[in-house]
1. Can we say His44 is of a type outside the set (Phe, Trp, Tyr), surrounded by fewer than 24 Cβ atoms within 10 Å (Cβ to Cβ) and more than 16 Å from ligand 1 (Cβ to nearest atom)?
2. Restricting to segment 104-127, give me the number of residues that are farther than 19 Å from Leu51 by Cβ and in contact (Cβ under 8 Å) with a residue 12 or more places away in the chain.
3. Of everything in segment 208-248, what is among the hydroxyl-bearing types (Ser, Thr, Tyr) and over 17 Å from Arg274 (Cβ atoms)? Give them in sequence order.
4. For residues that are open to solvent by 50 Å² or more (accessible area, probe 1.4 Å) and at positive phi, tally how many sit in segment 209-250.
5. Looking at (1) crowded, with 17+ Cβ neighbours inside 10 Å; (2) more than 15 Å from ligand 1 (Cβ to nearest atom); (3) in a loop (DSSP other than H, G, I, E, B), can you tell me which one Ser132 breaks?
6. Would you point out the residue of segment 98-129, among those that are more than 16 Å from ligand 1 (Cβ to nearest atom), out of contact with any His (no Cβ under 8 Å at 6 or more places or on another chain) and open to solvent by 50 Å² or more (accessible area, probe 1.4 Å), that is modelled with the lowest pLDDT?
7. Can you pull out the residues in segment 143-181 that are acidic (Asp, Glu) and within 28 Å of His99 (Cβ to Cβ)?
8. Out of the residues in segment 35-93 meeting the condition of being in a loop (DSSP other than H, G, I, E, B) and under 17 Å from Pro117 (Cα atoms), tell me which one is farthest from ligand 2 (Cβ to nearest atom).
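The values are calculated or read from the model by the stated rules, or taken from the named source; none is laboratory data. The model shown is predicted, which means the values in this text are computed figures rather than measured ones. In this analysis, Cβ positions are derived from the backbone assuming ideal geometry, glycine residues included, and neighbour counts consider all displayed protein chains. Surface accessibility is based on the protein's heavy atoms, side chains included, excluding ligands, DNA and RNA. Shrake-Rupley method; radii C 1.70, N 1.55, O 1.52, S 1.80 Å.
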Amino acid sequence: MIIAVASGKGGTGKTLVATSLALSLAGEHRVSFLDCDVEEPNGHVFLKPNLTGREAVTIPVPKVADDKCNYCGKCAQVCAYNAIAVLGDHVMTFPQLCHGCGACSYLCPKGAISEEPRETGVVEWGEADGISFAHGVLNVGEAMAPPVIRKVKEHGRDSEITVRDIPPGTSCPVVEAIKGCDFCLLVTEPTPFGLNDLALAVATVREMGIPCGVVLNRAGLGDTKTEAYCRREKIPILLTIPLDTEIARLYAGGTALVAGMPRWRDKFLKLFERIRELVDERGGNTQR
Ligand code: SF4
Ligand code: SF4
């Protein structure tokens with residue numbers, strides 16, 4: 001069972017939910033926590049893992065041998081990302097734009113393009129309170145998050161339950177991080193901004209064919225339009241977390257909700273049971 005914990009916008013309490021869900025399940029199952037929010041990973045702040053491994057993530061970028069090139073321009077024509085350009089008798093490469101797809105080297109008629117690795121980030125892993133932990137850290141200024149996310153997703157394969165903390169938003173890194181999940185929990189808050197971004201996130205997961213449910217965080221903060229939207233769209237609200245100073249204090253201090261308020265553990269276990277029922281009703285997701 002792979003559960004994505006996502007949100008249309010940042011700051012809704014996604015990591016609060018993901019870490020407490022993992023901690024609640026860890027006593028009874030083999031659990032992995034994968035922090036795929038590689039631009040701003042913070043699951044480690046709450047889970048405090050003992051990190052034991054580290055691996056650089058690289059993508060292959062083109063290197064052109066001038067003595068073989070005839071400046072035909074085919075590499076520039078095939079590149080969908082404008083990461084290589086032919087200007088007269090010069091070939092310029094822009095490694096920051098390159099997606100490492102290999103098309104230019106494959107199609108170069110002169111065999112003038114070789115590939116060299118460019119580091120985009122690292123993946124670190126270890127263990128936290130019986131939870132198998134991994135997170136990715138994208139290099140500062142780097143735009144290519146999906147390769148780092150893919151490496152993070154290679155971890156936790158022998159777990160019964162994997163909780164993935166997904167980047168906020170609805171862009172490419174989100175799609176890569178959610179891909180292969182059995183269920184997506186969408187964490188939102190009852191405000192106009194929260195509702196707008198929730199609707200975008202729902203459209204994304206529906207397009208991907210992944211069942212979803214909502215966690216309403218900071219309930220009591222805004223209006224009731226989010227509940228009305230969920231009713232209209234037939235999306236179950238699986239957990240409600242109130243606007244509470246004590247919960248905010250725990251979060252600000254880097255303490256997981258179920259660690260600071262153990263009575264929440266039962267609520268997260270019930271949340272998981274409800275997710276399992278919804279996944280069983282759908283027959284599960286077979287893509288990984
Ligand atoms: S496709 Fe190969 S030969 Fe043609 S311009 Fe690019 S590097 Fe040079
Ligand atoms: S590897 Fe792909 S993305 Fe990178 S320069 Fe070549 S064609 Fe463009």
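1. Details: of a type outside the set (Phe, Trp, Tyr): yes; surrounded by fewer than 24 Cβ atoms within 10 Å (Cβ to Cβ): yes; more than 16 Å from ligand 1 (Cβ to nearest atom): yes.
Spelling it out, His44 is indeed of a type outside the set (Phe, Trp, Tyr), surrounded by fewer than 24 Cβ atoms within 10 Å (Cβ to Cβ) and more than 16 Å from ligand 1 (Cβ to nearest atom).
2. Here is the first cut: in segment 104-127, the ones farther than 19 Å from Leu51 by Cβ are 104-118, 120.
Those left that are additionally in contact (Cβ under 8 Å) with a residue 12 or more places away in the chain: 104-105, 107-118, 120.
So the answer is 15.
3. First, pick out the residues of segment 208-248 that are among the hydroxyl-bearing types (Ser, Thr, Tyr): 224, 226, 229, 240, 245.
The answer is Thr224, Thr226, Tyr229, Thr245.
4. 3
5. (3)
6. Among residues in segment 98-129 that are more than 16 Å from ligand 1 (Cβ to nearest atom), out of contact with any His (no Cβ under 8 Å at 6 or more places or on another chain) and open to solvent by 50 Å² or more (accessible area, probe 1.4 Å), the one modelled with the lowest pLDDT is Asp129.
7. Initial filter on segment 143-181 (acidic (Asp, Glu)): 154, 158, 160, 165, 176.
Within segment 143-181, Glu154, Asp165, Glu176 qualify.
8. First pass over segment 35-93, keeping only residues in a loop (DSSP other than H, G, I, E, B): 36-42, 48-49, 65-73, 79-83, 88-89.
Remaining after also requiring under 17 Å from Pro117 (Cα atoms): 65, 83.
Details: Ala65: 15, Ala83: 4 Å.
For segment 35-93, the residue satisfying everything is Ala65.
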